[in-house]
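Asks: The structure is given below, and queries will be raised subsequently.
The values are calculated or read from the model by the stated rules, or taken from the named source; none is laboratory data. Model, not experiment: these values are computed from the prediction. With ideal geometry, Cβ positions are generated from the backbone for all residues, glycine too; neighbour counts draw on all protein chains shown.
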Amino acid sequence: MGNCCERVGNFFCRQKNTNVRVSLPAVCFVWQIAMIVLFGVFIRYDEESDTHWIEHRKDHNITSDIENDFYFRYPSFQDVHVMIFVGFGFLMTFLKRYSFGGVGFNFLVAAFGLQWALLMQGWFHSLDHTTGKIYIGVESLINADFCCAGSLIAYGALLGKVSPVQLMVVTLFGVTLFAVEEYIILSLLHCRDAGGSMVIHAFGGYYGLAISWVLYRPNLHQSKRLNGSVYHSDVFAMIGTLFLWMFWPSFNSAITDHGDGQHRAAINTYLALASSVLTTVAISSMSKKGGKVDMVHIQNATLAGGVAMGTAAEFMITPYGSLIVGFCCGIISTFGYLLINTFDFEGSFANRSVGTQGGFQAAGCCVAIAFGLVGGAIVGLILRFPIWGDPADDNCFDDEVYWEVPEDEDTIPPVLEYNNHMIHKHQDISPQIHVDLRCKCGESKRVKLACLVLLRLRAPFIQMVMRSGQASQCQSPVTRFQEDETHEGEDVHCWQARKAFVVGVSSRVEK
């Protein structure tokens, strides 16, 4: 039994191979061809997008084309579409070396997911049993985008740690699970969830967390140097936040019934979002030394009001109630980063009491979380098989694994130039460090440095740029360094960059 478990463990921990030249094109081609076939068999235009719209107008005494649902829904569809591709995409670009993957793989996941979502949601919600066809219109497109949002939220928990092939698998199962749990929550339990707080956000969050838990990497610290942001990456992520923040009222009101409910959903979300911004800034400033604001809090917690309002968007919670929701959610969400109602609707279930409906809403939330956790754990186990081309622990959070990245300029960053200048200015009082550099070619150099920054990558040489302008090159990369008696024999793997540099501030190099 012990040998069996050991063999299974060795199977899952085999050497990573990130070459997806065969698997990624194969998956994309096969699945797209499958979509073409399935759409040909099942998908048709609905009555408002078909050429028989004129006969439909006459049969239903419709006097103008403006009453076509397209003109009511398409503005909201545009907003939701921008949120999916631009909002979520740019929000994923906060990692310093994974912006291509953040926005590019978001594009891939959404493009595949919306096609599969049209089929899955059609089979559960709009299948015509007499013809066996699924009839789609503009509202179907909005629902497909909603379905993709769950998988994109899950992607946020896996960012930089999985291959594009694995993301396609996550999306395939994520959309399928979403369609099932949405049917249970909305059609069987008859919960109200216009903005998808339960079916989208709760499910997507726990789905991603469960997959991430199963795919746990004990040696992920090897990529710790890349698991963070820089100034420009946070700016791009903030652009995504702003797109999401601006269009969230459309997200929560897009598929609600025309009339007062849709109007109320937009107003409530608008106010909750505004309120959550102020409380997020306040808590973030209170938590930091000197009252500084953390950009991570602003990028994420400011959206909490819109997420929370998704379930109650149509309800008569009053404008000040919306502000209270945003106020509380901004505080709770920001603290989450720091530390790790009445209703009004019509239909067959309008006679439920407040307590009864609240119970069903809680049950719906539990269903969403259960589907996310159980489904995510199962998908995570599938993704553990070493056939998906996922990156090794020391290559996570890096675009170069799956993208052609343009060459960076061989220049010293301005901050290092400034630091070198200041150290030179105060050379007399600066401590001096003796560093021995040993290369594979056998050559050894002793460098007197007040500051040493090692940036290593694939370049066949390492260049030593000294403050005095002197430079020397060795045709073999530095493999080890020794600083007096400290760090003796330690491997050099300090940074992943386009070229390897040792930037020093000493005025001379002693062989």
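Asks: Among the numbered conditions (1) within 24 Å of F94 (Cβ to Cβ); (2) crowded, with 18+ Cβ neighbours inside 10 Å, tell me where Q262 comes up short.
Replies: That leaves (1) as the condition not met.
Asks: Please find, among L119, L152, L114, L141, the residue that is among the hydrophobic types (A, V, I, L, M, F, W, C), touching a Cys at 6+ places or on another chain (Cβ under 8 Å) and either surrounded by fewer than 22 Cβ atoms within 10 Å (Cβ to Cβ) or assigned to a helix (DSSP H, G or I) (or both).
Replies: When all the criteria are applied, what remains is L114.
Asks: While we're on this one: Check every one of the helices (runs of 4 or more DSSP H) wholly within region 1-86 and list those with 3 or more residues that are modelled with pLDDT under 95 and touching a strand residue (DSSP E or B) at 6+ places or on another chain (Cβ under 6 Å).
Replies: none
Asks: Okay, next question. Conditions: (1) in contact with a helix residue (DSSP H, G or I) (Cβ under 8 Å, 6 or more places away or on another chain); (2) within 30 Å of V401 (Cα to Cα); (3) outside any helix (DSSP H, G or I). D193 meets all but one. Number of the miss?
Replies: (2) is the only condition that D193 fails.
Asks: For the subset of region 212-247 comprising residues that are in contact with a Lys or Arg (Cβ under 9 Å, 6 or more places away or on another chain) and among the aliphatic types (A, V, I, L, M), which member is surrounded by the fewest Cβ atoms within 10 Å (Cβ to Cβ)?
Replies: Filtering region 212-247 for residues that are in contact with a Lys or Arg (Cβ under 9 Å, 6 or more places away or on another chain) and among the aliphatic types (A, V, I, L, M), the one surrounded by the fewest Cβ atoms within 10 Å (Cβ to Cβ) comes out as V230.
Asks: Looking only at region 307-362, filter to residues that are among the aromatic types (F, W, Y) and within 16 Å of A194 (Cβ to Cβ); which one of those is modelled with the highest pLDDT?
Replies: Once the filter is applied, the top-ranked residue is F315.
Asks: Right, something else. Pairs needed: first member in region 30-47, in the same structural domain as Q121 (by TED's automatic domain parsing); second member anywhere, of a type in the set (D, E) and surrounded by 11 or more Cβ atoms within 10 Å (Cβ to Cβ); C-beta distance under 8 Å; at least 6 residues apart or different chains.
Replies: R44/D50
Asks: Can you tell me which condition I317 does not meet? The list is (1) under 26 Å from I255 (Cβ atoms); (2) in a helix (DSSP H, G or I); (3) of a type in the set (A, V, I, L, M, F, W, C), and all the others hold.
Replies: Single failed check for I317: (2).
Conditions tested, residue by residue: (1) among the hydroxyl-bearing types (S, T, Y); (2) within 17 Å of the chain's Cα centre (by Cα); (3) assigned to a helix (DSSP H, G or I).
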residue: L209; (1), (2), (3): no, yes, yes
residue: Y216; (1), (2), (3): yes, no, no
residue: H232; (1), (2), (3): no, no, yes
residue: I239; (1), (2), (3): no, yes, yes
residue: W245; (1), (2), (3): no, yes, yes
residue: F251; (1), (2), (3): no, no, yes
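Asks: Could you list all residues from region 50-81 that are surrounded by 17 or more Cβ atoms within 10 Å (Cβ to Cβ) and closer than 29 Å to G102 by Cβ?
Replies: S76, F77, D79, V80, H81
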